[in-house]
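The values are calculated or read from the model by the stated rules, or taken from the named source; none is laboratory data. On a predicted model such as this, the values are computed, not experimentally measured, just so you know. Here the Cβ positions follow ideal geometry from the backbone for every residue, glycine too, while neighbour counts run over all protein chains shown.
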Amino acid sequence: MSASPQAVVIGSSAGALEALSRILSVLPATFILPVIAVVHLPPDKRSILAELLQARCAVRVREAEDKEPITPGTIYFAPPDYHLLVEMDRSLSLSSDEPVLFSRPSIDVLFESAADAYGCGLLGVVLTGANHDGARGLNAIVEGGGSAIVQDPDSAFAPAMPQAAIEACPNARVLSVDAIASYLQEIGRS
Amino acid sequence: MKETAPQKIEDIEIRLLLEALYLKYHYDFRNYAMASVKRRLRQAREQLGFDTFSAMQERLLHEPAMLPRILGYLTVQVSEMFRDPSYFRALREKVVPHLRTYPSLRVWIAGCSGGEELYSFSILFREEGLEERTLFYATDINPDALHAAEAGVFAVDRLQLFTENHRKSGGKSSLSDYYQAAYGRASFDKGLRRNVVFSDHSLVTDAVFAEMQLISCRNVLIYFDRNLQDRALGLFKDSLARRGFLGLGAKESLRFSEHAGAFVDFVREEKIYQRRAP
């Protein structure tokens with residue numbers, strides 16, 4: 001695999017909450033990497049995702065704010081109805097550009113911008129979902145020298161998204177949710 | 001900020017392209033948040049069929065007809081009428097009662113794009129009986145967007161959402177009272193733009209032009225870097241009358257701005273601020 005990651009980006013859609021809580025809830029408070037995540041949500045919902053997951057996680061969880069510097073050991077979620085992007089100076093920015101593949105936030109938009117900012121220091125993770133978002137972005141991460149992990153489609157609530165990601169990145173590691181959780185623990189050790 | 005050397009060729013090319021756009025045509029995107037600019041320029045490059053940004057820059061410099069095409073990618077904004085209905089409800093319930101006390105009103109829709117926000121305001125002001133005493137300024141940097149806003153024509157398949165938003169915003173009439181639909185397009189009532197000045201204005205390079213009682217500028221500042229956000233907010237501060245109102249996007253705030261002290265939260269959860277009396 002590539003150089004040890006400096007940041008992790010995660011994309012998920014249908015079935016996201018269960019998969020994400022299983023992964024994020026096992027990360028210890030000492031976890032040192034930033035995690036930046038996009039989950040597809042209905043646009044008019046005030047997001048309670050961050051609050052919900054914070055209750056189950058030892059790591060700090062927050063909804064990303066525009067122009068916020070990325071801090072280690074923090075899990076960021078895109079707010080509903082905005083794209084979330086990573087700037088070259090490793091701060092976060094939001095955009096209300098048109099939805100991509102009917103999604104805003106879009107996993108591809110986050111992944112492509114993070115690939116630019118982190119290059120080989122980025123790990124991209126695609127989890128359960130019923131569409132194809134994330135495949136193109138994961139490919140951009142691999143092209144930029146970063147590494148890719150995809151949830152095993154057979155174990156996913158909705159297999160379409162991991163399947164599309166594997167097709168776009170045949171060399172991605174395919175792991176169960178629990179194996180992804182253990183791997184993140186491993187790389188996020190101080 | 002640390003510069004992470006060495007720079008990728010693409011990043012160098014993008015900087016040069018933005019410099020060319022500024023030097024030749026005075027459109028200044030150099031202090032925009034770059035991740036979005038880069039994404040939009042990549043779309044432009046792919047769809048306009050250029051192999052590199054350098055090739056695109058060459059054509060842009062030598063062929064003025066390229067300008068509107070590239071500008072279209074850099075500035076295109078898809079909004080909705082009555083986007084975030086709770087924002088318009090707060091304006092209606094909390095801000096309008098103050099506005100009623102003025103004999104005449106100036107309202108600035110900054111970054112009006114295709115006009116969705118403008119028509120939302122002008123319908124709301126008509127419903128609240130303020131239309132006759134109000135002059136709206138609708139500004140944008142993209143002339144094509146201004147033309148679209150002036151035309152007031154929207155695809156009918158968007159009207160269901162607009163109607164729903166309008167209803168949730170506390171609309172006192174039916175949205176269908178304001179447009180006529182034919183051939184898949186809905187044309188909004190010309191009367192709604194009788195008191196509107198459409199104008200080319202840049203929050204990056206232009207100055208204050210009138211004193212306002214209300215400024216609405218939503219989902220524009222997120223495209224700027226922190227310094228540029230501050231410039232725009234300074235412009236709003238200097239444009240607002242004493243106790244005038246400023247409405248920002250749901251995810252924008254004055255919190256980190258050097259101008260925060262000039263405003264008080266008026267409806268905090270809707271990002272509506274009021275200018276302090278100086």
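Could you tell me which of the residues B:Asp189, B:Asp225 is of a type outside the set (S, T, N, Q) and surrounded by fewer than 18 Cβ atoms within 10 Å (Cβ to Cβ)?
Numbers: B:Asp225 fails: surrounded by fewer than 18 Cβ atoms within 10 Å (Cβ to Cβ).
Going through B:Asp189, B:Asp225 in turn, just one is of a type outside the set (S, T, N, Q) and surrounded by fewer than 18 Cβ atoms within 10 Å (Cβ to Cβ): B:Asp189.
Of everything in the stretch A:24-56, what is surrounded by 14 or more Cβ atoms within 10 Å (Cβ to Cβ), more than 20 Å from A:Gly121 (Cβ to Cβ), of a type in the set (A, V, I, L, M, F, W, C) and modelled with pLDDT of 95 or more? Give them in sequence order.
Scanning the stretch A:24-56 gives A:Leu24, A:Val26, A:Val39.
All but one of (1) surrounded by 21 or more Cβ atoms within 10 Å (Cβ to Cβ); (2) without any contact (Cβ under 8 Å) to a residue 60 or more places away in the chain hold for B:Asp157; which doesn't?
(1)
Can you tell which of A:Ala156, A:Ala165, A:Ala64 is of a type in the set (A, V, I, L, M), buried (at least 24 other Cβ atoms within 10 Å of the Cβ) and closer than 30 Å to B:Arg83 by Cα? Give the derivation first.
Values: A:Ala156 fails: closer than 30 Å to B:Arg83 by Cα; A:Ala165 fails: closer than 30 Å to B:Arg83 by Cα.
From the options A:Ala156, A:Ala165, A:Ala64, the qualifying one is A:Ala64.
Pull up the stretch A:75-94, narrow it to residues that are farther than 21 Å from B:Arg30 by Cα and out of contact with any strand residue (DSSP E or B) (no Cβ under 7 Å at 6 or more places or on another chain), then point me to the one that is nearest to the other protein chains (Cβ to nearest Cβ).
Selected residue: A:Asp81.
For the stretch B:199-278, which strands (runs of 3 or more DSSP E) that fit wholly inside it have 1 or more residues that are within 14 Å of another protein chain (Cβ to nearest Cβ)?
Numbers: elements: B:212-217, B:240-248, B:263-267, B:272-275.
It comes to B:212-217, B:240-248.
B:Ser113 is checked against (1) modelled with pLDDT of 95 or more; (2) in the same structural domain as B:Val156 (by TED's automatic domain parsing) and fails just one. What number does that condition carry?
Against the list (1) modelled with pLDDT of 95 or more; (2) in the same structural domain as B:Val156 (by TED's automatic domain parsing), B:Ser113 comes up short only on (1).
Determine whether A:Ser190 is among the hydroxyl-bearing types (Ser, Thr, Tyr) and surrounded by fewer than 17 Cβ atoms within 10 Å (Cβ to Cβ). Write out each step before concluding.
Numbers: among the hydroxyl-bearing types (Ser, Thr, Tyr): yes; surrounded by fewer than 17 Cβ atoms within 10 Å (Cβ to Cβ): yes.
Yes: the conditions hold for A:Ser190.
Exactly one condition in (1) outside any loop (DSSP other than H, G, I, E, B); (2) exposed (fewer than 15 other Cβ atoms within 10 Å of the Cβ) is not met by B:Val78; state its number.
Among (1) outside any loop (DSSP other than H, G, I, E, B); (2) exposed (fewer than 15 other Cβ atoms within 10 Å of the Cβ), B:Val78 violates only (1).
Among the strands (runs of 3 or more DSSP E) lying completely within the stretch A:1-102, list those that include at least 2 residues that are in contact (Cβ under 8 Å) with a residue 60 or more places away in the chain and closer than 27 Å to A:Asn171 by Cβ. Show your work before the answer.
Values: elements: A:7-12, A:35-39, A:60-63, A:74-77, A:83-86, A:92-95.
Passing ranges, in order: A:7-12, A:35-39.
Go through (1) over 20 Å from B:Ser36 (Cβ atoms); (2) surrounded by 19 or more Cβ atoms within 10 Å (Cβ to Cβ) for A:Ala130 and report which single condition fails.
(2)
Can you tell which of B:Asp51, B:Asp28 is among the acidic types (Asp, Glu), in contact (Cβ under 8 Å) with a residue 40 or more places away in the chain and away from chain A (no Cβ under 14 Å)?
Details: B:Asp51 fails: in contact (Cβ under 8 Å) with a residue 40 or more places away in the chain.
That would be B:Asp28, the only listed residue that is among the acidic types (Asp, Glu), in contact (Cβ under 8 Å) with a residue 40 or more places away in the chain and away from chain A (no Cβ under 14 Å).
Restricting attention to helices (runs of 4 or more DSSP H) lying wholly within the stretch A:115-190, give those where 1 or more residues are in contact with a Phe, Trp or Tyr (Cβ under 8 Å, 6 or more places away or on another chain). Break it down into steps so the answer makes sense when it comes.
Details: elements: A:135-143, A:160-168, A:177-187.
The qualifying helices (runs of 4 or more DSSP H) are A:135-143, A:177-187.
Taking interchain pairs and intrachain pairs at least six residues apart, which have beta carbon atoms under 9 angstrom, with the first residue in the stretch B:68-80 and away from chain A (no Cβ under 14 Å) and the second outside any helix (DSSP H, G or I)?
As it stands, the answer is B:Pro68/B:Asn142; B:Leu71/B:Tyr27; B:Leu71/B:Ile141; B:Leu71/B:Asn142, since those pairs meet every condition given.
A quick yes/no check of all residues on (1) surrounded by fewer than 24 Cβ atoms within 10 Å (Cβ to Cβ); (2) among the charged types (D, E, K, R):
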site	(1), (2)
A:His83	no, no
A:Arg90	yes, yes
A:Ser95	no, no
A:Val100	yes, no
A:Pro105	no, no
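Check the stretch B:45-61 and report whether any residue there is within 24 Å of the chain's Cα centre (by Cα) and assigned to a helix (DSSP H, G or I).
No, because not a single residue in the stretch B:45-61 is within 24 Å of the chain's Cα centre (by Cα) and assigned to a helix (DSSP H, G or I).
Give the residue that is modelled with the lowest pLDDT, with candidates limited to residues of the stretch B:1-32 that are over 20 Å from B:Asp206 (Cβ atoms) and either hydrophobic (A, V, I, L, M, F, W, C) or touching a strand residue (DSSP E or B) at 6+ places or on another chain (Cβ under 9 Å) (or both).
B:Met1
Which one is nearest to the other protein chains (Cβ to nearest Cβ), of the residues in the stretch A:95-112 that are of a type in the set (S, T, N, Q) and in contact with an Asp or Glu (Cβ under 8 Å, 6 or more places away or on another chain)?
Residues of the stretch A:95-112 that are of a type in the set (S, T, N, Q), as a first pass: A:95-96, A:103, A:106.
Now narrow it down to the ones that are in contact with an Asp or Glu (Cβ under 8 Å, 6 or more places away or on another chain): A:96, A:103, A:106.
On the way: A:Ser96: 4, A:Ser103: 14, A:Ser106: 10 Å.
Top of the filtered list is A:Ser96.
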